[in-house]
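The structure appears below as structure tokens.
Just so it is clear, none of the values below were taken in a lab; they were calculated from the coordinates. From a predicted model like this one, the values you see are computed outputs, not experimental measurements. Here Cβ is always computed from backbone atoms with ideal geometry, including for glycine, and neighbour counts include all displayed protein chains.
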Amino acid sequence: MANKRIDEPTGTETMGHEWDGIEELDTPLPRWWLLTFYACILFAIGYVVVYPAIPLATRGTPGLWGWTSRGQLAQEMDKAKGEHAATLAALAATPIETLPGKPELMQAAVAGGRAAFRVNCVQCHGSGAAGSRGYPNLNDDDWLWGGDLRTIETTITHGVRFPGDDATRQSLMPSFGHDGILSAAQVDDVASYVRSLAKLEPAGAAAQRGAATFAANCVVCHGAEGKGSRAVGAPNLADAIWLYGGSHADVVASVTNAHAGVMPAWGAKLDPVTIKMLAAYVHSLGGGEASPQTPGTANVPAPVK
Amino acid sequence: MNAEAPPPPPALYAKRKAVFPRQIDGRFRRLKWLIMAVALGVYYVTPWLRWNRGPYSPDQAVLVDLAHRRFYMFAIEIWPQEFYFVAGLLIMAGVGLFLVTSAVGRAWCGYACPQTVWTDLFQHIDRFIDGDRNAQLRLQAAPWGPGKIAKRALKWSIYLGIAFWTGGAWIMYFADAPTLTRQFWSGQAAPVAYATVAVLTFTTFWLGGFMREQVCIYMCPWPRIQSAMLDEKSLLVTYKDWRGEPRGKAAKGSEKPLGDCIDCGLCTAVCPTGIDIREGSQIGCITCALCIDACDRVMGQLGRPRGLIDYATLEDSEREMKGEPATPHRKLIWHPRTLVYFGLWSAIGLTMLFLLGTRHHLALNVAKDRNPPYMLLSSGEVRNAYTLKLRNMEGRPRRIRVSLEGVPGAAMWTDETARSTSARTLTVTAAPDQTMPLRVYVAAPAGTASQPLEFELEALDREGGEASYHTRFDAPGGD
């Protein structure tokens with residue numbers, strides 16, 4: 001523009017425009033700023049060349065170094081796996097009953113099991129393993145199929161009533177009411193009797209009538225005293241824990257339409273070491289039971305099949 | 001255009017005038033030597049002092065162990081939870097600076113500040129390599145040639161050596177000094193150690209070798225704070241203009257009466273920040289008192305009374321001018337503001353000493369399981385789970401009894417003991433100088449309501465020690 005002039009006090013040229021007498025100096029950028037700026041440009045060019053940078057139709061330019069964030073993750077995962085390899089190998093070689101005798105290995109197993117539980121088990125059993133209606137609480141001391149390390153491992157491997165696994169935990173309670181085995185009145189009486197076993201109801205006339213029905217239909221699995229049987233996964237009816245609710249209506253519903261909860265056989269999806277770690281974690285939640293021992297061989301683990 | 005252009009405005013940027021202070025000897029110079037020796041000695045030697053803490057703790061007397069989160073200072077060991085002790089020390093250092101300022105002015109700036117100590121050291125190297133003030137000025141003005149290059153290279157190498165040693169000594173406070181030295185030279189030390197040494201080497205080289213007084217005048221906030229703290233009762237390096245002016249060299253036969261100042265310029269030549277003290281108190285004066293040494297020497301040679309430049313308060317200067325006696329030194333130092341600062345400083349110090357002396361070396365933290373908050377056992381009992389963190393802050397294993405307070409009928413066991421062993425108390429051995437995690441289950445009879453629960457610790461050794469933690473016991477139907 002025409003109005004460019006040298007500003008006298010500063011000796012700098014103006015931009016050549018003015019508004020109401022206010023002019024702007026064309027002060028050059030400081031040299032250090034320019035040099036930094038040029039250095040950034042050079043860096044950016046180098047960056048574009050060696051790193052993935054320009055998005056194309058299906059994927060971006062790969063860059064000279066071939067670096068990807070996915071590749072870096074894979075590398076880091078491999079490294080972590082390498083670091084855990086020794087522990088995992090030791091776990092694989094250790095029968096689960098002998099884990100409590102190796103505190104460091106046990107700790108590692110519980111930690112690994114906690115991580116695997118978060119991924120595979122929390123959907124049904126809850127993040128605190130407290131379960132919910134129909135999904136057993138794993139913290140307590142009540143076990144349907146048994147609570148020692150080996151038994152828990154078996155249950156996880158083969159699942160419960162899981163179609164497709166021959167060794168799965170199998171049992172079926174008849175739907176006594178629905179299938180017409182018992183009349184509605186009989187079911188009601190049995191419910192009263194069962195609740196009296198757990199001292200939730202006084203042993204009244206209905207309970208006494210139900211006792212006979214119970215003896216004829218239920219003792220096979222639940223036992224004469226209603227204490228259940230772990231061989232067939234029949235729950236203990238005399239304790240305070242009710243998987244499907246303990247109110248009179250709940251018990252009537254359970255006897256009328258039997259429940260048959262299903263748990264997947266994890267042996268098909270997870271490797272044996274992960275299952276071992278899961279069993280150790282579940283066992284560590286506070287309700288774990290000691291492994292059965294043959295008398296006289298106190299420290300020898302039970303024979304492995 | 002009119003003939004007369006307006007005069008160009010003064011430049012806003014003042015270029016630095018390099019300072020080449022002249023060597024001077026005197027009582028304050030000797031005091032500075034002493035303080036420099038002590039300060040550098042403390043800085044370089046401290047990490048190498050040993051202190052026996054038994055087999056479980058490091059034997060370095062002063063150690064900031066970041067990796068293990070411990071701070072050791074002779075007999076004192078501080079855990080992160082007790083960091084308020086370190087905060088207290090820092091507050092004491094801050095109040096201590098106020099105290100010193102109110103008692104003896106900018107003594108910190110003049111004698112003990114690292115910037116002053118290292119600048120002083122580097123200025124002595126200048127004199128050692130290049131000669132005293134005049135030789136340095138000549139060399140500065142001389143064109144670059146082999147001699148100048150050699151001298152500069154030698155001088156800057158010595159700067160770099162000292163700077164490196166300064167950075168190297170710093171990292172010794174953060175790890176076992178002999179081990180770290182070995183690791184450092186064999187290339188096995190942590191990268192952060194090398195980075196720290198590099199950064200501190202650079203800052204020492206740059207700030208001590210080249211920035212020098214500009215740090216005090218332009219970069220450091222402390223002179224600004226100090227100028228707000230100084231008043232007419234503060235001890236300052238003061239030129240007694242009423243005695244010195246009019247300054248000048250007495251010409252033979254001149255009738256003009258002159259003051260004591262003969263305008264020899266020695267006070268400005270020795271000044272490490274390059275100021276003229278005769279212009280009065282100013283931010284560039286770090287009160288190192290070297291000009292007092294210089295002027296006292298000249299006055300001595302002239303047979304005039306010393307103290308034309310002297311430590312004096314503004315108030316006393318005026319009294320002296322009127323011929324009144326000066327305030328005694330004791331009163332100069334112990335005035336009300338000093339007493340308040342001293343009281344504050346000692347109160348913090350005594351409180352910390354008391355807390356250090358009476359603190360327990362045992363502590364407890366409890367994290368209650370919230371998912372699930374409580375568990376129903378098959379017997380109908382209610383179980384809660386807790387993670388206890390027992391902190392044994394002694395350097396030896398201790399037997400510790402854990403007991404339950406509250407929740408009648410409740411009993412506890414751990415994840416390593418069987419339910420059948422449950423009881424109201426249990427005894428564990430806590431590893432030395434560590435936090436011991438303990439997983440505890442507490443079961444209470446059916447029907448127990450939600451209520452407060454307290455865990456108590458008691459050390460079973462001779463020293464004893466207790467700790468407790470209030471938490472809750474949750475049950476169905478509770479709030």
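Exposure proxy for B:Trp51, A:Trp65, B:Trp345: other Cβ atoms within 10 Å of each Cβ, ordered fewest to most, give A:Trp65, B:Trp51, B:Trp345.
Going from the residue with the fewest nearby Cβ atoms within 10 Å to the one with the most, B:Trp79, A:Trp33, B:Trp413 rank A:Trp33, B:Trp79, B:Trp413. Averaging 1/r over every pair of different alpha carbons in chain B and inverting the result gives a Kirkwood radius of 28.5 Å. Placing +1 on the Cβ of every Lys and Arg and -1 on the Cβ of every Asp and Glu, with no other charges, gives the protein assembly as shown a dipole of roughly 2620 debye about its Cα centre. The helix-only estimate of mean residue ellipticity at 222 nm for chain A, built from DSSP H runs of length n ≥ 4 each weighted as -39500 (n - 2.57), is -13500 deg cm²/dmol after division by the residue total. When the convex hull of its Cα atoms is viewed from all sides, the range B:282-427 shows a mean projected area of 19.5 nm².
Remark: A:Cys121, B:Cys261 ranked as A:Cys121, B:Cys261, counting other beta-carbon atoms within 10 Å and listing the fewest first.
Since only B:Leu89, B:Tyr13, B:Thr287 are under comparison, the one whose Cα sits farthest along the positive direction of the charge dipole of the protein assembly as shown, derived from C-beta charges on Lys, Arg, Asp and Glu, is B:Thr287. Scanning chain A for DSSP H helices at least 15 Å long along the axis (C-alpha atoms) with a Kyte-Doolittle mean no lower than 1.0 picks out A:31-50. When shorter helices are ignored and each DSSP H run of at least 4 residues is given -39500 (n - 2.57), the per-residue value for chain B at 222 nm works out to -12000 deg cm²/dmol. Under 19 Å of direct C-alpha separation, and excluding same-chain neighbours fewer than eight residues apart, B:Lys256 reaches these aspartates and glutamates: B:Asp241, B:Glu245. Overall, the ratio between the Cα radius of gyration of the range B:43-98 and 2.2 N^0.38 Å, rounded to two decimals, is 1.24.
Convex hull of alpha carbon positions in the range A:184-256: directionally averaged projected area 4.2 nm².
Once you keep just the Cα pairs under 8 angstrom separated by 6 or more residues, what percentage relative contact order results for the range B:27-228?
So the answer I get is 20 percent.
Within 10 Å of the Cβ of each residue in B:373-383, the mean number of Cβ atoms contributed by other protein chains is 6.
Projecting the Cα atoms of A:His222, A:Val255, A:Gln208 onto the dipole axis of the range A:184-256, where Lys and Arg carry +1 and Asp and Glu carry -1 at the beta carbon, places A:His222 farthest toward the positive end.
Taking every Cα-Cα distance in the range B:362-473 and sorting them into 5 Å bins from zero, the calculated P(r) comes out as 2, 12, 24, 25, 17, 11, 6, 3, 1 percent.
Working note: Karplus 6.51/-1.76/1.60 with θ = phi - 60° gives the range B:316-329 the couplings 5, 4, 5, 4, 5, 4, 7, x, 7, x, 6, 5, x, 4 Hz, where Gly and Pro are set to x.
Its residues counted as N, the range B:419-479 yields a C-alpha radius of gyration over 2.2 N^0.38 Å of 1.38. As a size descriptor, the averaged projected area of the C-alpha convex hull of the range A:176-305 was calculated at 11.0 nm². Under a model in which nothing but the beta-carbon of Lys, Arg (+1) and Asp, Glu (-1) is charged, chain A shows a dipole of about 1260 debye around its Cα centre. Karplus-based coupling profile of the range B:348-354, in residue order and whole Hz: 4, x, 5, 4, 5, 4, 4, with θ = phi - 60° in 6.51 cos²θ - 1.76 cosθ + 1.60 and x standing for Gly or Pro. By the equivalent-ellipsoid construction on the alpha carbon gyration tensor, the range A:1-65 comes out with semi-axes of 44, 16, 7 Å, ordered largest to smallest. Pair-distance distribution of chain A: all C-alpha pairs, bin width 10 Å, starting at 0; shares per bin in whole percent are 5, 18, 19, 14, 11, 8, 6, 6, 6, 4, 3, 0. Couplings for the range B:145-156, taken from phi via the Karplus curve 6.51 cos²θ - 1.76 cosθ + 1.60 with θ = phi - 60°, read x, x, x, 5, 4, 4, 5, 5, 4, 4, 5, 5 Hz in order; Gly and Pro are left as x.
With the cut-off at 1.5 for a/c, could you classify the range B:163-250 from its C-alpha gyration tensor as rounded, prolate or oblate? It would help to have the intermediate numbers written out before the result.
On the way: a/c = 3.75, a/b = 2.89, b/c = 1.30.
Cα axes put the range B:163-250 in the prolate bin.
Spatially, the range A:159-180 and the range B:147-226 are offset by 77 Å when compared through their Cα centroids. Each Lys and Arg adds +1 at its Cβ and each Asp and Glu adds -1 at its Cβ; summed about the Cα centre, the range B:231-327 shows a dipole of about 480 debye.
For the set B:Lys15/B:Lys322; A:Lys276/B:Lys368; B:Lys15/B:Lys148, the pairs lying more than 32 angstrom apart at their alpha carbons are B:Lys15/B:Lys322.
Farthest towards the positive end of the charge dipole of the protein assembly as shown, among the residues A:Ala280, A:Val50, B:Leu453, is the Cα of A:Val50, using unit charges on the Cβ of Lys, Arg, Asp and Glu. The value obtained for the range B:1-155, namely the Cα convex hull volume divided by the number of residues, is 305 Å³ per residue. Counting only Cα atoms, the protein assembly as shown measures 143, 76, 61 Å along its principal axes, largest extent leading.
Summary of packing: across the peptides B:102-112, B:449-459, the per-residue average of other C-beta atoms within 10 Å ranks them, highest first, as B:102-112, B:449-459. Shape of the range B:231-327 from its Cα gyration tensor (a ≥ b ≥ c, root eigenvalues): rounded if a/c is under 1.5, otherwise prolate when a/b > b/c, or oblate? It comes out oblate by the Cα gyration axes. State log₁₀ I(q)/I(0) for the range B:112-204 at q = 0.20, 0.23 Å⁻¹ as given by the Debye formula over alpha-carbon point scatterers of equal weight, solvent excluded. Taking Cα atoms of the range B:112-204 as identical point scatterers yields -0.95, -1.09. Residues of the range A:73-106 falling in the label zone of B:Thr421, defined by backbone nitrogen less than 16 Å from a point 7 Å along Cα to beta-carbon, are A:100-103.
Applying a 4.7 Å Cβ-Cβ cutoff to chain B, the cysteines left without a disulfide-compatible partner are B:Cys109, B:Cys113, B:Cys216, B:Cys220, B:Cys261, B:Cys264, B:Cys271, B:Cys285, B:Cys288, B:Cys295.
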